Amino acid sequence: MLQFRGYRHRHHLLLLLMVVSLCGHWSRQSRVAALLIPPSSSISSSSASRRRPSTRTSTSSRWLLFSSSAQQQQEEEVEQDDDYNKNNDQPVLLHPNDFYNEKGSFKFPKAMSPSSILEFKNCPQSFFFQYILGIRQPSNLALAKGSMVHSALEKVFDLDPGDRSLDNLQNLFRSVWSDNRSTDQYKMLFEKSPEKERDLESEITWGKEALKLLENYFELEDPRKVKSPAQREVWVTAHLTTNPWLGFTAPPPVHDHPNAGGADHESDPDTFFVRGIVDRLDYIRDFNENQVVLRLCDYKTGKAPNLKYAPSTNERIREESFYQLFIYALLLREKQKLKKGVGVDLRFLRLMFLTSNSNGNDIGKAQWLDYDLGATQDQRDAKLHQIHQDLAQIWLQVKQLVETNDPTVWKPCSRKFCYCHKCRPKFVPGTLAEPEQEYF
């Protein structure tokens, strides 16, 4: 064993240990760079030289971005959660009354969205935390992966068809993640607590999974053979009537229906605002009807539903899977009202799942599910009118719950993974509704 005597020898030993440690650190960093950071010429092509893909944060991460006030509020609440009372060493708990507006009541949501509507259907208390109080669920690995993958799939169609290779698609993901990995929104995903050291091995594994999803997409749909979409990442909005029989999809004559209340389309009914972002709209030819129609496409980084059950059960699963796209279709149909019905009709819906349950693998092959809203406009309107009825009922329930000004009326769910179980313990006991049964 070597023995170092004297200050100089010990000093040399310390320098040697520091060099060895840094070399190991650089080696790990280089592995991340090789996987997640594209080379400077990674997207080299004629179209790339003319149109460099934007490095802005994609609107596909819409469900992760908060308003500045909501984000600031969440940061303050996190600080409060970490702040302990010095006298009794207990965390500072929140009270629902802390979130009252200047009128001493809870605020109404300014808009509903497919994600908030689904959240209310699944768990009213989680909806209350996120969309009434503004305590949004922080980003996690799955949401971050979905956001980055969506962004890459959006940007790949900025390239000329011949340049939409798998390498360029994956390099777009690397570029987007390189721009976002150190931001406040995502940097905590791979931090080792409490040292805040980055867990590079976990980040590499996560990145490989995302690259595999893009490889799956490329096998399912070669973007080089896809005509440029009609629209990508497009906002769709509508003021829906609380009385669905006054909506654009209601069967005429509307004033003859007993639920119409004697009104017609020219009246000024109560409405509620719904908005969302569609991933992609494609023009396709309906050969049976010999006309061009729209197909709405939505990317899903989760697994495709396993339709292995009885026909009635499989049909229910399909309807639930397409619920979000039904809402988009309704908003697009209502948008036609402003154009006096002029425009290409939306007929088909497509869910593009980038993974599935396949032979026990974590990441199975990509699959798509298609839905035909109907050959005629009357058939399509009949389906969308059902969605309008459902949304109107949900909005009236939300409105009624908010007007009670009572936080205990928002019931939690029994799903153990739900955000309500993570957020509820931050509040003073007894101020919120508790689960009726154990959720774990």
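Of all positions in the stretch 380-401, none carries a residue that is within 27 Å of Phe106 (Cα to Cα), part of a helix (DSSP H, G or I), touching a Ser or Thr at 6+ places or on another chain (Cβ under 9 Å) and acidic (Asp, Glu).
Going by the conditions given, is Phe106 hydrophobic (A, V, I, L, M, F, W, C), crowded, with 17+ Cβ neighbours inside 10 Å, in contact (Cβ under 8 Å) with a residue 24 or more places away in the chain and assigned to a helix (DSSP H, G or I)?
no
Taking the stretch 269-294 as the search range and keeping residues that are within 30 Å of Leu143 (Cβ to Cβ) and touching a Lys or Arg at 6+ places or on another chain (Cβ under 6 Å), which one is surrounded by the most Cβ atoms within 10 Å (Cβ to Cβ)? Among those residues, the one meeting the criterion is Arg280. Here Ile132 passes the criteria (1) surrounded by fewer than 15 Cβ atoms within 10 Å (Cβ to Cβ); (2) under 30 Å from Gly104 (Cα atoms) except the one numbered (1).
Looking across the stretch 220-246 at every residue that is within 25 Å of Gln324 (Cα to Cα) and assigned to a helix (DSSP H, G or I), the one that is least open to solvent (accessible area, probe 1.4 Å) is identified as Pro223.
Of all residues in the stretch 416-428, those that are in contact (Cβ under 8 Å) with a residue 12 or more places away in the chain and either among the β-branched types (Val, Ile, Thr) or part of a loop (DSSP other than H, G, I, E, B) (or both) total 4. When the stretch 296-317 is filtered for residues that are open to solvent by 40 Å² or more (accessible area, probe 1.4 Å) and closer than 29 Å to His239 by Cβ, only Lys300 remains.
Please indicate, with yes or no, whether at least one residue in the stretch 139-156 is loosely packed, with under 15 Cβ neighbours inside 10 Å and part of a helix (DSSP H, G or I). Checking the stretch 139-156: at least one residue is loosely packed, with under 15 Cβ neighbours inside 10 Å and part of a helix (DSSP H, G or I).
Restrict the check to the stretch 208-215 and report whether at least one residue is under 21 Å from Val278 (Cβ atoms), at pLDDT 95 or above and crowded, with 16+ Cβ neighbours inside 10 Å.
Yes, the stretch 208-215 contains a residue that is under 21 Å from Val278 (Cβ atoms), at pLDDT 95 or above and crowded, with 16+ Cβ neighbours inside 10 Å.
Pairing residues of the stretch 396-415 that are under 20 Å from Lys103 (Cβ atoms) with residues that are open to solvent by 50 Å² or more (accessible area, probe 1.4 Å) and in a helix (DSSP H, G or I), at Cβ distances under 9 Å and at least 6 apart in sequence or on separate chains, gives Pro407/Asn97; Val409/Gln400.
Screening Ala382, Ala375 for residues that are modelled with pLDDT of 95 or more and small (Gly, Ala, Ser) leaves exactly one candidate, Ala382. In the stretch 152-169 there is no residue matching the filter, namely being farther than 23 Å from Arg295 by Cβ and under 21 Å from the mean Cα position of the chain (by Cα). Just wondering, is there one or more residues in the stretch 336-357 that are part of a helix (DSSP H, G or I) and either open to solvent by 50 Å² or more (accessible area, probe 1.4 Å) or of a type in the set (A, V, I, L, M) (or both)? The answer is yes, given that some residue of the stretch 336-357 is part of a helix (DSSP H, G or I) and either open to solvent by 50 Å² or more (accessible area, probe 1.4 Å) or of a type in the set (A, V, I, L, M) (or both).
Scanning the stretch 405-431 for residues that are polar (S, T, N, Q) and either closer than 16 Å to Glu119 by Cβ or surrounded by fewer than 13 Cβ atoms within 10 Å (Cβ to Cβ) (or both) yields one hit, Ser414. Please verify whether Ala392 is under 30 Å from Thr249 (Cβ atoms), surrounded by fewer than 17 Cβ atoms within 10 Å (Cβ to Cβ), in contact (Cβ under 8 Å) with a residue 24 or more places away in the chain and of a type outside the set (Lys, Arg), treating the condition exactly as stated. So Ala392 does not fit the description; no.
Scanning the stretch 177-200 for residues that are out of contact with any Phe, Trp or Tyr (no Cβ under 9 Å at 6 or more places or on another chain) and at pLDDT 95 or above returns Ser178, Asp179. The numbered conditions (1) free of Cβ contacts under 8 Å to residues at least 24 places away in the same chain; (2) of a type in the set (A, V, I, L, M, F, W, C); (3) in a loop (DSSP other than H, G, I, E, B) are all true for Ile363 except (1).
The values are calculated or read from the model by the stated rules, or taken from the named source; none is laboratory data. What you are looking at is a predicted structure, and each value in this text was computed from that prediction instead of being measured. A quick note on method: Cβ atoms are made from the backbone with ideal geometry, for glycine too, and the neighbour counts reach across all protein chains shown. Ligands, DNA and RNA are stripped out before the accessible areas are found, and what is left, the full protein with its side chains, is counted by its heavy atoms. Shrake-Rupley method; radii C 1.70, N 1.55, O 1.52, S 1.80 Å.
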